[in-house]
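What follows is calculated from the coordinates using simple rules that are stated; it is not laboratory data. No experiment lies behind these values; they were computed from the predicted model shown. Don't worry about glycine lacking a Cβ; one is built from the backbone with ideal geometry, like all the others, and counts go over all protein chains shown.
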Amino acid sequence: MNFCGNCAAPVIRRVPPADDRLRDVCDSCGTIFYENPKIVAGCIPVRDEKILLCRRSIEPRAGFWTLPAGFMENGETTREAAARETLEEACARVEIGALFAYLDISHVSQVYVIFLAELVSDFAAGAESLEARLFQENEIPWPEIAFPSIEVALQLYLEDRRRGAFGTHTVDIKRRVGEKRPARVDSEGAAGR
Ligand code: ZN
């Protein structure tokens, strides 16, 4: 940021008093521009044991498959955000169920909140999708899944389904030096096991 979004004066990058991090600070109007992690809300829409995935039409990872998920908007709940994203990306209505996965991706300052969901309508490719399709477990295109977070959520979902009980998973997704894709390093807090 070069100029204050509040008063348009130039901003300076420095550590404000009583803080310990560099921030964009406007000395003209006193605004401090804090940057904090963003929440991505999504769900795993399922019907007849098949999972609804969308093939992305936009970057990043255009052409790759993902669960419906996206950044929360102000004024909505995570459940509302997950349902809205599903409507936007897959033209589909869902009944949002229990919290399923809470994925911390600290190297990109994002938190994914993924809910179980029941697909209760028809579906079609939305504006940000090339295609929307139901997949059986053995049809999931693993090499073409868009993001590690989605891959982890799908793996956990299938593991829980095989076990016959869905938990709530808290996972740190870490980037490891020299690895092409981040890895899931920890899974805990499986309530309901
Ligand atoms: Zn200002």
Task: Residues Glu76 and Leu130, FRET efficiency given R0 of 41 Å [Cβ-Cβ distance, rounded to 0.05] - done: 0.95
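Return the FRET efficiency for the residue pair Asp172, Arg14: r is the Cβ-Cβ distance, R0 is 45 Å, and the value is rounded to the nearest 0.05.
After rounding, the FRET efficiency stands at 0.90.
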Task: Cα centroid separation, the stretch 1-76 to the stretch 138-160 (Å) - done: 24 Å
TODO: Pull up the DSSP beta bridges for the stretch 34-119 and report the antiparallel fraction as a percent, rounded to 5.
DONE: 65 percent
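Could you grab the relative contact order for the stretch 95-148? Cα pairs under 8 Å, six or more apart, rounded to a whole percent.
Worked out over the stretch 95-148, it gives 26 percent.
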- [ ] Report the full-extension gain for the segment Leu158 to Ser121: residue separation times 0.36 nm, less the Cα-Cα distance, to one decimal in nm.
- [x] 11.1 nm
Open item on the list: Can you tell me what share of the DSSP beta bridges in the chain is antiparallel? A percent to the nearest 5 is fine.
Closed with: 70 percent
TODO: Compute the signed sum of charges (Lys and Arg +1, Asp and Glu -1) over the other residues within less than 12 Å, Cβ to Cβ, of Glu35.
DONE: +3
Open item on the list: Over the chain, what is the relative contact order in percent, taking alpha-carbon pairs closer than 8 angstrom and at least six residues apart?
Closed with: 18 percent
- [ ] Classify the stretch 72-136 as rounded, prolate or oblate from the Cα gyration tensor: take a ≥ b ≥ c as the square roots of its eigenvalues, call it rounded if a/c is under 1.5, otherwise prolate when a/b beats b/c and oblate if not.
- [x] prolate
Task: Total formal charge among the other residues, if their Cβ is under 11 angstrom from that of Arg56, Lys/Arg +1 and Asp/Glu -1 - done: -3
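How would you order 133-144, 37-48 from highest to lowest mean count of nearby Cβ atoms within 10 Å?
Final packing ranking: 37-48, 133-144.
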Task: Overall Cα dimensions of the chain - principal axes, largest extent first, Å - done: 59, 34, 32
Task: From the C-alpha gyration tensor of the stretch 80-181, square roots of 5λ in Å - done: 23, 17, 15
